[in-house]
Structures are given as structure tokens and as C-alpha cells.
Amino acid sequence: MQKSFKLISLFLVIVLLPINTFANTVDLKLNAKSVLLMEASSGSVLYENNAHESLPPASVTKIMTMLLLCEAIDRGEITLETIVTASERAKSMGGSTIFLDAGEQITVDNLLKGIAVASGNDACVAVAEHLCGSVETFVDKMNQRAQELSMKNTHFVNCNGLDDDNHYTSAYDIALMSRELLKHKMIFKYTTIWMDELRDGKFQLANTNKLIRFYSGANGLKTGSTNKAGSCISATAKRDGMQLIAVVLGAPTSKDRFSAASSLLNYGFNNFAVTEYGEKDEDVREIKVIQGKEKTVLAKVAENSSVLIHKGKEKDVKTHINLPKELIAPIKKGDVIGEIIVSLDGKNISKTDLIAGNTVKKKNIFDNFTTLFLDYITI
């Protein structure tokens, strides 16, 4: 029974490999060198123009710095309360800063705030040196993480985005690292701040991302601008359960940057929708188990699952639960035992695994004897 079910599952995976793609259907006529709009849960590109050209990203670079910081927190290497001592190198940074002084002690919480809200170049250096001992080693980790995320048109030489001929990325690559950062929900605590303060109110912060105040649903992420890069942004917003990432590189002015990002986000929210069809650990139903010490195993949804569709097609989305009537022990908790298939207009567009919610061990000889005995005395 299990072998035949696995063959069916393999066939369905093959059938489902070509999932929905979303090509540009309009020309948004945006004033920027490169743009891209991505839906975060699926990674689907909804709109793009020149999205793979390597360009200077300015302070949008700091998305990777914040990502490595958040990942270090998740691994328990540091906490938001960890005290960092600023160096002379951090103090020497020009451009956007939070005016760290050499020897100043500041929490990771305030450094992250200083990066996300005020785009502090000095705060990035302080983080890099604390995590890796030097900026150079930290930058190596930035490039390593970029490779892991398949950011193929990216190379970093610093942690804050100051201009350098060998420091570049693309709109698509920025969307990839932005999507990864958005998985760390703690980041929204910082990227949604409009105004705040440091040093007990002695230093005022104002978010460089004006969309946080003026665009409905905006929740991040990072702006950047230099003479070489122009005006750039990775703008994120969420409405009706759909999280979008709009990347703009090389806009002539800050106004053009925000206008382009708003147009991209508007296009996404006006034309697409996300339909959820499974919540992680959600109970589906119990399946009979043959030769098991337990009579049943509980099927659960493996992960949060949703599907991206064109707006207006929500009612046409159909789901089908594919589970066997019975399974043969042993079964381990977490084993894939089924799947949810999602279709639209008769075509399969997505699937999510269903897994065993509990372990069921196989009966031994003693268990079988006990069962026979109990069956006998109840006759």
C-alpha cells in the first residue's frame, strides 16, 4: 500500500512541476534603470524590467547586513540586549550615521534600529566587527549567504553600500535577500518605525523610507542613494494576506524612487491575490494503520501553504486531499503520507505535503499474541 502511494506521489510531483508564472502584461513606464515586483510567499515575479543587471545598490545593501544579524540572533549567538562596543573604524564612517563614538557601548537592539530606520553606516560596521571580528570577514559571510540564496549577479565589498566598482547586485537578487529577511518577523518591529530616538532621546531618528507613513500596508524595507547608484529602494507592503516586495534601482530622484515603488505595489495589489489552503500542523484526518501498535496515524499539514492567482479567480481555486485509506507500520512522525493538491481551471498549480503527526511502531510477536488472546476472550 505504501509503495503504491509513493509511486502516485512521485507522479503528481512530476505533473506539478510547471507552476503558474506571471509575465508582464502592461508597461508601467517607471523612471528607473531596473525594477522588479515579487510576491513573497511564492517568490513569483509579477513584474520586471532589466531585473538581472548588476547595479550599485547603495544602502539597500544593508538588507543583507540585517539578515545576517537576525540569523545570528536566531542561532543564539547574540541577543537584542547584547552590548556592542563601537570602534574607531565605525566612528570614521561618513554618509548616513547614528554618530557612534569610539568606545561607545550600545545594544544590538539600538544598532538594528539605527540601521533599519536611519541607515547608519557606522552601525553596520559595529555589527560586522562584533559578529565576525572584522568587516572583511563579515563581508565574506555576506557573499557566502548571497551564493546560498542564488543571488547570481551580486558581489559585496562592504557592509553598508558605500560606492565601489566591485560592489553590485541586481533588482532580482535584492528581492531574494529581502524575501529571506521578511521571514524574520522581528524585523518589522524596526522597519515599520516612522520616528524614534536613541541615547535616551538625545538622538532623533526619522525613517528614510517615506512609504512607511504614506503607503497603506507598507512594512519595510530599506532605501539607498549615492551619486553612483541613484535613488534605490526595496519597498515591502502587505494587504489582505499578500506580502509584496518592490525593488527599484537607479531612479533619478528620491521622488521617482517612491513613485516607482508605489506603482509596482499598486499593480500587485490590484491584479493579484493570495489564497491560503493549509496551515502548518493543521489536523486533516486520521488514517488506519495495519500492523501498528496504534490503530491510526494523524495526518497534518507540513507547512503554511498558499497559492498566488490573478485577482477575481479566488472562487475558482479547488483543493483535493490525497491520502491513502490505510498505511502499514512502522510510521515515523514527520513521514510524508499524502498531499494537498491545488488546481485552477482544471490545472494543478500547487501542492503541499501531508505528514504523520505521530509515530506508530510495528507490532511484534508478543503484540500479535496479545491481540489474538484479547480477541479470543471477547468472543
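Condition first: in contact (Cβ under 8 Å) with a residue 12 or more places away in the chain, part of a strand (DSSP E or B) and either under 16 Å from residue 45 (Cβ atoms) or not aromatic (Phe, Trp, Tyr) (or both). Now tell me which residues in segment 164-205 satisfy that.
169, 195, 196, 198, 205
Condition test on residue 126, is it assigned to a helix (DSSP H, G or I) and touching a strand residue (DSSP E or B) at 6+ places or on another chain (Cβ under 6 Å)? Steps first, answer last, please.
Numbers: assigned to a helix (DSSP H, G or I): yes; touching a strand residue (DSSP E or B) at 6+ places or on another chain (Cβ under 6 Å): yes.
So residue 126 passes the test.
Just one of 133, 94, 114 is at pLDDT below 95 and either of a type in the set (S, T, N, Q) or in the same structural domain as residue 189 (by TED's automatic domain parsing) (or both); which is it? Break it down stepwise before answering.
Working: 133 fails: at pLDDT below 95; 114 fails: at pLDDT below 95.
Result of the check over 133, 94, 114: 94.
Among the candidates 67, 149, 131, 111, which residue alone is touching a residue at least 24 places away in the same chain (Cβ under 8 Å), in contact with a helix residue (DSSP H, G or I) (Cβ under 8 Å, 6 or more places away or on another chain) and surrounded by 24 or more Cβ atoms within 10 Å (Cβ to Cβ)?
Details: 67 fails: surrounded by 24 or more Cβ atoms within 10 Å (Cβ to Cβ); 149 fails: surrounded by 24 or more Cβ atoms within 10 Å (Cβ to Cβ); 131 fails: surrounded by 24 or more Cβ atoms within 10 Å (Cβ to Cβ).
Going through 67, 149, 131, 111 in turn, the sole match is 111.
Could you list, in sequence order, all residues of segment 252-287 that are in contact (Cβ under 8 Å) with a residue 24 or more places away in the chain and of a type in the set (Val, Ile, Thr)?
274, 275, 284, 287 - these are the residues of segment 252-287 that are in contact (Cβ under 8 Å) with a residue 24 or more places away in the chain and of a type in the set (Val, Ile, Thr).
Looking at (1) in a strand (DSSP E or B); (2) crowded, with 18+ Cβ neighbours inside 10 Å, which one does residue 265 not meet, given that it meets all the others?
Result: residue 265 passes all but (1).
Can you confirm whether residue 240 is among the charged types (D, E, K, R) and closer than 30 Å to residue 119 by Cα?
Yes; evaluated as a whole, the condition is true for this residue.
Does at least one position in segment 84-102 carry a residue that is touching a residue at least 60 places away in the same chain (Cβ under 8 Å), closer than 22 Å to residue 209 by Cβ and either of a type in the set (Val, Ile, Thr) or in contact with a strand residue (DSSP E or B) (Cβ under 6 Å, 6 or more places away or on another chain) (or both)?
Yes, segment 84-102 has at least one match.
Whether any residue in segment 266-280 is more than 19 Å from residue 40 (Cα to Cα) and either at pLDDT below 95 or not assigned by TED's automatic domain parsing to the domain that holds residue 48 (or both) is what I want to check. So that I can check it myself, show each step before the final result.
First, pick out the residues of segment 266-280 that are more than 19 Å from residue 40 (Cα to Cα): none.
No - not one qualifying residue is present in segment 266-280.
Kindly indicate which of 236, 208 is part of a strand (DSSP E or B), closer than 21 Å to residue 160 by Cβ, in contact (Cβ under 8 Å) with a residue 24 or more places away in the chain and not hydrophobic (A, V, I, L, M, F, W, C). Don't jump to the end; show me each part of the working.
Values: 208 fails: part of a strand (DSSP E or B).
Going through 236, 208 in turn, just one is part of a strand (DSSP E or B), closer than 21 Å to residue 160 by Cβ, in contact (Cβ under 8 Å) with a residue 24 or more places away in the chain and not hydrophobic (A, V, I, L, M, F, W, C): 236.
Here are some residues: 295, 238, 325. Which one is of a type in the set (D, E, K, R) and either surrounded by 14 or more Cβ atoms within 10 Å (Cβ to Cβ) or closer than 25 Å to residue 185 by Cα (or both)? First the steps, then the outcome.
Details: 295 fails: either surrounded by 14 or more Cβ atoms within 10 Å (Cβ to Cβ) or closer than 25 Å to residue 185 by Cα (or both); 325 fails: either surrounded by 14 or more Cβ atoms within 10 Å (Cβ to Cβ) or closer than 25 Å to residue 185 by Cα (or both).
Going through 295, 238, 325 in turn, the sole match is 238.
Here is a check on your reading of the model: is residue 198 more than 25 Å from residue 89 (Cβ to Cβ) and either surrounded by 13 or more Cβ atoms within 10 Å (Cβ to Cβ) or in the same structural domain as residue 118 (by TED's automatic domain parsing) (or both)? Step through it out loud before you land on a result.
Details: more than 25 Å from residue 89 (Cβ to Cβ): no; either surrounded by 13 or more Cβ atoms within 10 Å (Cβ to Cβ) or in the same structural domain as residue 118 (by TED's automatic domain parsing) (or both): yes.
The answer is no for residue 198.
Within the bounds of segment 240-256, is there any residue that is closer than 17 Å to residue 63 by Cβ and assigned to a helix (DSSP H, G or I)?
no
Regarding residue 90, is this residue of a type outside the set (Lys, Arg) and buried (at least 21 other Cβ atoms within 10 Å of the Cβ)? Spell out how you get there, then give the answer.
On the way: of a type outside the set (Lys, Arg): yes; buried (at least 21 other Cβ atoms within 10 Å of the Cβ): yes.
Against the criterion (of a type outside the set (Lys, Arg) and buried (at least 21 other Cβ atoms within 10 Å of the Cβ)), residue 90 qualifies.
Considering segment 73-83 alone, what residues qualify as being in a loop (DSSP other than H, G, I, E, B) and either surrounded by 11 or more Cβ atoms within 10 Å (Cβ to Cβ) or touching a residue at least 40 places away in the same chain (Cβ under 8 Å) (or both)? Write out each step before concluding.
Of segment 73-83, the ones in a loop (DSSP other than H, G, I, E, B) are 75-82.
Passing the criteria: 77, 78, 79, 80, 82.
Taking the condition of being more than 27 Å from the chain's Cα centre (by Cα) and either touching a residue at least 60 places away in the same chain (Cβ under 8 Å) or in the same structural domain as residue 240 (by TED's automatic domain parsing) (or both), how many residues in segment 297-324 meet it?
Here the count works out to 4.
The values are calculated or read from the model by the stated rules, or taken from the named source; none is laboratory data. From a predicted model like this one, the values you see are computed outputs, not experimental measurements. Neighbour counts run over all protein chains shown; Cβ positions are idealised from the backbone, glycine included.
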